[in-house]
1. Could you grab me the full set of residues in segment 56-103 that are among the hydroxyl-bearing types (Ser, Thr, Tyr) and part of a loop (DSSP other than H, G, I, E, B)?
2. Take Ile73 and tell me if it is in contact with a strand residue (DSSP E or B) (Cβ under 7 Å, 6 or more places away or on another chain) and of a type in the set (Val, Ile, Thr).
3. With respect to Val163, is the statement that it is within 13 Å of Pro125 (Cα to Cα) and either aromatic (Phe, Trp, Tyr) or free of Cβ contacts under 8 Å to residues at least 60 places away in the same chain (or both) true?
4. Restricting attention to segment 49-73, and to residues there that are of a type outside the set (Asp, Glu) and closer than 15 Å to Phe112 by Cβ, which single residue is surrounded by the fewest Cβ atoms within 10 Å (Cβ to Cβ)?
5. When you scan segment 177-211, how many residues do you find that are out of contact with any Asp or Glu (no Cβ under 8 Å at 6 or more places or on another chain) and without any contact (Cβ under 8 Å) to a residue 40 or more places away in the chain?
6. As an exercise: evaluate Gln46 against (1) outside any loop (DSSP other than H, G, I, E, B); (2) polar (S, T, N, Q); (3) surrounded by fewer than 16 Cβ atoms within 10 Å (Cβ to Cβ); (4) modelled with pLDDT under 95 and give the number of the one condition it does not meet.
Amino acid sequence: MAKKIKQYNEAELIKLFDLNRLVGNYAHPLLKEWLTCETTLNANEQYLFDMILADAQEKIDGWQEEDLKMWFIAFVIRLANLSNNEKHYQPYFERTLEATIDEHRLKVKTDFMVAKGILDTPELPFFHFQEYKRQTNPYGNPLAQVLEAMLIAQEINQNSKPVYGCYVVGRSWNFITLENRTYCISKTYDCTEADELLQIIAILRKFKEILETRLLD
């Protein structure tokens, strides 16, 4: 029987890999630069924005995981323009990543990632997105899962470039960067507030700019 891969919580990951944890939009220059951005919407985008915002304000507290994905997150990703650049990167859903780091085997399924790849096979992961139902537990929380995915991405990519990520619990969105062994977590954005939802979209659009100008070989 194959040995089961352990699912780590955040504290265990910090201890295993000697990680440095920072919190706050201004706690690290990399995160500060990423989150310092703004965007505007055209008329069609504004219509979609208003629709999903109204849905979230009314229904998000009752949504389960699949509801959150189908009725909200999918449209945020669309508004963020995280679509295919066929030659350089593409989005992938529900992919499992694994790697051995410092003799510890990590394996995690990422809900959404942006990666360089061939057809349906991701090769170089740049961005990881993890979402979770309204309640979390110490061994099943999205921060630990996205951090695992980002550590795996570092090992796969074998370069000094940072990895970016995001995790969602209900209405709460947090962004995260990982550079070497330092990770930084943003403040929490409430996606049921119009100005914060627009900022979420701006941040995701800014990542696309960072990807195309700095992360691609």
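1. Across segment 56-103, the qualifying residue is only Ser83.
2. In short, yes.
3. yes
4. For segment 49-73, the residue satisfying everything is Met70.
5. 6
6. Every condition holds for Gln46 apart from (4).
The values are calculated or read from the model by the stated rules, or taken from the named source; none is laboratory data. Model, not experiment: these values are computed from the prediction. With ideal geometry, Cβ positions are generated from the backbone for all residues, glycine too; neighbour counts draw on all protein chains shown.
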